[in-house]
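Worksheet for the structure shown next.
The values are calculated or read from the model by the stated rules, or taken from the named source; none is laboratory data. As the structure is a prediction and not an experimental result, all values here were calculated from the model. FYI the Cβ positions are ideal-geometry reconstructions off the backbone, even for glycines, and counts take in every protein chain you see. Protein only, heavy atoms only, side chains kept; ligands, DNA and RNA dropped before computing areas. Shrake-Rupley method; radii C 1.70, N 1.55, O 1.52, S 1.80 Å.
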Amino acid sequence: MRIHWHRRDLRAADNAGLAAATDGGPVVPVFVFDNEVLAHAGPPRVAFMLDALASLREWYRERGSDLVVAHGDPIEELPRLAREYDAKAVTWGEEYSGLASERDAAVRQALDDVGVAREVVTDAVLHRPGEITTNAGDPYSVFTYFGRKWQDREKESPYDAPAETDLADIRGDPLPSISELGFAEPEADVPPAGTQVARDLLEQFCADEIYQYEQRRDYPDDDCTSRLSAHLKFGTIGIREVYERTAAAAEDASGDRLDAVEEFQSQLAWREFYTQVLFANRNVVTQNYKSYENPIQWRTDPEKLQAWKDGETGYPIVDAGMRQLREEAFMHNRVRMIVASFLTKDLLIDWREGYDWFREKLVDHDTANDNGGWQWAASTGTDAQPYFRIFNPMTQGERYDPDAAYITEFVPELHGVDPDLIHEWPDLSLTQRRNAAPEYPDPIVDHSERREQAIEMFEAARGENDSAG
Ligand SMILES: Cc1cc2nc3c(=O)[nH]c(=O)nc-3n(C[C@H](O)[C@H](O)[C@H](O)COP(=O)(O)OP(=O)(O)OC[C@H]3O[C@@H](n4cnc5c(N)ncnc54)[C@H](O)[C@@H]3O)c2cc1C
């Protein structure tokens, strides 16, 4: 008997750890609710995870087996379960954050102590951290070269799901409810989880939208991205399966259509780039990746921070994004960049405040990607946006949501208002604003002033302007 410990791989198909487990007799699939992990989660993610677990359990049950669910510290639970099922080995897929690596080292030790073998495999990424390095063997801190090597490397094929005969004939306990785990129901409409849902999304995307991805991915109203992020985070679909389907889409394509498929694949490479950044620099979760001469003098401004969280800043594209986050536990990538830039460069508030809010609210929150995105926007990360190149939220809205269709979907106060007025909102006179949309807030800051102040703040941090900050 072997145990497979499911963590961020809530699927049976294309699961490297589960496939490895089937080599050693019947497999007991296990999931452990770990309070330390739950302490960092928010309601949308817990809801999505419970749905994914229910779907996985169903898959096992249809094959005469079950998912064993435990609640406690994996350091104690895995040796206990190994004893209970007389398992000789435990398999799992490697994870790369500091918290996960520390926990896994402790579980390894605990299993060693009771004489249970373990096998840890690469599962969540196509190329594990440390596999793609500079010629000197260092982790990359710039995406371009990493991305090229990533594209050129051969990719593993998907693993088969275990056969019914590979699975132990067992019965697990029921799954807890979200409130039993100590969470409120999410305020957002959380999308459904499970492998079939992820496969449908992938199929639909690769049948058509992938070929327009390069031209349309930046337009939030087009909704032409894959929406696979939460599935990739929780592993309801395997990365090899996703890549293989995109490679099949590339086979029939040439010219712009092929470029578009490659652009999509390059987002998968960004995911692995940020994973290796996190793996090599565990402290990026709380510290700037890039060092400045002096500490950046972020401002403390609870009122403006709250207005940002509530989508009440008076900058329409920012407010639409923040309200989409609350309503859907998701936000379009271009808009994530805009709201993150607004928090750090217009409100001059520390990126860590934004990261914490996203961590609580996003269904796809992933430590590596979220941190990478925030530090990029804050000009503190790898490949970061230069501190003096500051997004103008009005121009961004006009360029990427010209008809204000995305904005008005999430900001009903602006329904029926001329898109030109919407994009110029912060520059309109008070009377014009009152006439156009009396319920929608006035801008909470002046972008041009804040832009200057942001540049001063960064120049002071760079030691170029000692009188500022
Ligand atoms: C401030 C900020 C915070 C972010 N937080 C997260 C997060 O917590 N979790 C997360 O998965 N992504 C995050 N991203 C990246 C990106 O916004 C999302 O991956 C994307 O919007 C998810 O939608 P999709 O699945 O339709 O993406 P698609 O465009 O269809 O991309 C396919 C997949 O590639 C990966 N990907 C795409 N863009 C990026 C990127 N820029 N960096 C790393 N991986 C990427 C994701 O796994 C995504 O599902 C963040 C970006 C920013 C600017």
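Data overview
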item: Scope the range 259-308; condition away from the ligand (no atom under 13 Å from the Cβ) and of a type in the set (Lys, Arg); matching residues; result: 282, 290, 299, 304
item: Residue list for the range 180-222, filter: in contact (Cβ under 8 Å) with a residue 60 or more places away in the chain, out of contact with any Pro (no Cβ under 6 Å at 6 or more places or on another chain) and open to solvent by 60 Å² or more (accessible area, probe 1.4 Å); result: 182, 185, 187, 189, 192, 196, 219, 221
item: Scope the range 44-73; condition open to solvent by 50 Å² or more (accessible area, probe 1.4 Å) and either closer than 22 Å to residue 233 by Cα or assigned to a helix (DSSP H, G or I) (or both); matching residues; result: 51, 58, 59, 61, 71, 73
item: Filter result (assigned to a helix (DSSP H, G or I) and open to solvent by less than 50 Å² (accessible area, probe 1.4 Å)) within the range 281-303; result: 284, 285
item: Residues that are at pLDDT 95 or above and either crowded, with 24+ Cβ neighbours inside 10 Å or assigned to a helix (DSSP H, G or I) (or both), drawn from the range 13-30; result: 14, 15, 16, 17, 18, 19, 20, 21, 27, 28, 29, 30
item: Top-ranked residue of the range 331-361 - restricted to ones that are open to solvent by 30 Å² or more (accessible area, probe 1.4 Å) and within 8 Å of the ligand (Cβ to nearest atom), ranked as farthest from residue 46 (Cα to Cα); result: 337
item: Selection count where residues are closer than 25 Å to residue 434 by Cα and either in contact with a strand residue (DSSP E or B) (Cβ under 9 Å, 6 or more places away or on another chain) or assigned to a helix (DSSP H, G or I) (or both), scope the range 311-325; result: 9
item: Test: residue in the range 134-143 that is touching a residue at least 24 places away in the same chain (Cβ under 8 Å) and open to solvent by less than 20 Å² (accessible area, probe 1.4 Å); result: no
item: Selected residue (only one of 261, 318 is in contact (Cβ under 8 Å) with a residue 40 or more places away in the chain and more than 21 Å from residue 143 (Cα to Cα)); result: 318
item: Residues of the range 147-172 satisfying the condition of being open to solvent by less than 60 Å² (accessible area, probe 1.4 Å) and part of a loop (DSSP other than H, G, I, E, B); result: 155, 158, 161, 162, 163, 168, 170, 172
item: Residue, surrounded by the most Cβ atoms within 10 Å (Cβ to Cβ), within the range 366-425, restricted to residues that are among the small types (Gly, Ala, Ser) and more than 15 Å from the ligand (Cβ to nearest atom); result: 397
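Table: residues versus (1) more than 11 Å from the ligand (Cβ to nearest atom); (2) aromatic (Phe, Trp, Tyr); (3) not in a loop (DSSP other than H, G, I, E, B).
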{"residue": "202", "(1), (2), (3)": "no, no, yes"}
{"residue": "215", "(1), (2), (3)": "yes, no, yes"}
{"residue": "226", "(1), (2), (3)": "no, no, no"}
{"residue": "231", "(1), (2), (3)": "no, no, yes"}
{"residue": "237", "(1), (2), (3)": "no, no, no"}
{"residue": "248", "(1), (2), (3)": "yes, no, yes"}
{"residue": "257", "(1), (2), (3)": "yes, no, yes"}
